[in-house]
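**Q** Take a look at this one; I'll ask things after.
Just so you know, all these numbers are worked out from the coordinates, no wet-lab data involved. Because the structure is a prediction, the values reported are computed rather than measured. With ideal geometry, Cβ positions are generated from the backbone for all residues, glycine too; neighbour counts draw on all protein chains shown.
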Amino acid sequence: MTDITAFRKPVRPVRVLTWTLLAMGGIVMIMPFLFMISTSLKTPDQVYDLRFIPARPTLANYAELFADGRFTAWFVNSLITSTIVTASVLFFDSLIGYTLAKYRFRGRGLVFIAILSTLMIPTEMLVIPWYVMSSHMGWLDSYWGIMFPGLITGFGVFLMRQFFGTVPDELIDAARIDGLSEFRIWWEIAMPLVTPALSALAIFTFLGNWTAFLWPLIVTSDRDLFTVPVGLSSFASENLTRWEMVMTGAAVSTIPTLIVFILLQKYIIRGVVLSGLKG
């Protein structure tokens, strides 16, 4: 009779230690999120009860939150600006990346270096020029004022150029011989071949704009134009004694990011790995 234990892999102490540390790290990271969800389901008299499962869970806080039209407006503002910026980045950054990767012209390397140099400038140093420009152009308290700094990004251009560089030149040359314009070659041939990069860039851009706080805070003073992070900060200052409402607002604001991560997790991982490997 075959001994089943002979087929079992030996338990290695290093593996046990690794999984233990990973589990502990996962618990530490997820605890604040669970505490936020738990608090959002509590009544005011239960807020300081540290149990994760409320004694009397309620959805009244969510109903009260959405009854306040301001939070709904903030949610819509973030959704509009994040979606438009993401679409703009995908279009322009991929177009510029393709041009730098596949179109031969004098000064191409210098242009690419200039674009890369923008990644070395901290965002905080650009806030004042952005604000002065917005003030002169009349963009304060407007969707355009919130969006214009992120419509084209140096990181997106760099990422797309690296991926377009892997598209075979023979394929592009064959399309040119067939009489296709450069725009059609980019759109119909090159773009489908870099879908993982486009997906990763879309995710990073959407999440970055959804969670952006500093610039929307500076450029908007009209409460009706606040995005979710700015509005949530204002909401928290108004409800310092109502932590259940603050946590409810925070929980609702995480819904889009959770949906993105759950549905497109494989693209995030693939985009991070490939962006580091492509040279």
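**Q** Could you give the length gained by full extension between ARG108 and ARG70, i.e. 0.36 nm per residue of separation minus their alpha carbon distance, to one decimal place?
**A** 8.9 nm is the gain from fully extending ARG108 to ARG70.
**Q** Quickly work out the ILE80-to-TRP243 label distance, labels modelled 7 Å from Cα along the C-beta direction, and quote it in nm with one decimal.
**A** Roughly 3.6 nm, to one decimal.
**Q** A further question follows. Give me the extension gain from LEU217 to TYR131: residue separation times 0.36 nm, minus the current Cα-Cα distance, reported in nm with one decimal.
**A** Working it through step by step, the gained length comes to 29.8 nm.
**Q** What is the sum of charges around ARG56, taking Lys and Arg as +1, Asp and Glu as -1, for the other residues whose C-beta is under 14 Å from the C-beta of ARG56?
**A** Residues close to ARG56 contribute a combined charge of -1.
**Q** Give a quick list of chymotrypsin sites (Phe, Trp or Tyr not before Pro) in the stretch 137-219 that DSSP marks as loop, anything other than H, G, I, E or B, with at most 13 other Cβ atoms within 10 Å.
**A** Filter output for the stretch 137-219: PHE213.
**Q** What shape does the chain take by its C-alpha gyration tensor, where a ≥ b ≥ c are the square roots of the eigenvalues and a/c under 1.5 counts as rounded, a/b above b/c as prolate, and the rest as oblate?
**A** The shape class here is oblate.
**Q** Mind putting a number on the dipole of the chain about its Cα centre? Charges go on the C-beta only, +1 for Lys and Arg and -1 for Asp and Glu, and I need it in Debye to the nearest 20.
**A** Computed about the Cα centre, the dipole is about 1000 debye.
**Q** Report the gain in length on full extension from PHE35 to ALA60: 0.36 nm times residue separation, minus Cα-Cα distance, nm rounded to one decimal.
**A** Net length gain for the segment: 7.2 nm.
**Q** Work out which helices of the chain, taken as complete DSSP H runs, extend at least 27 Å along their axis over the Cα atoms and score a mean Kyte-Doolittle of -0.5 or more, then list them.
**A** 13-40, 69-102
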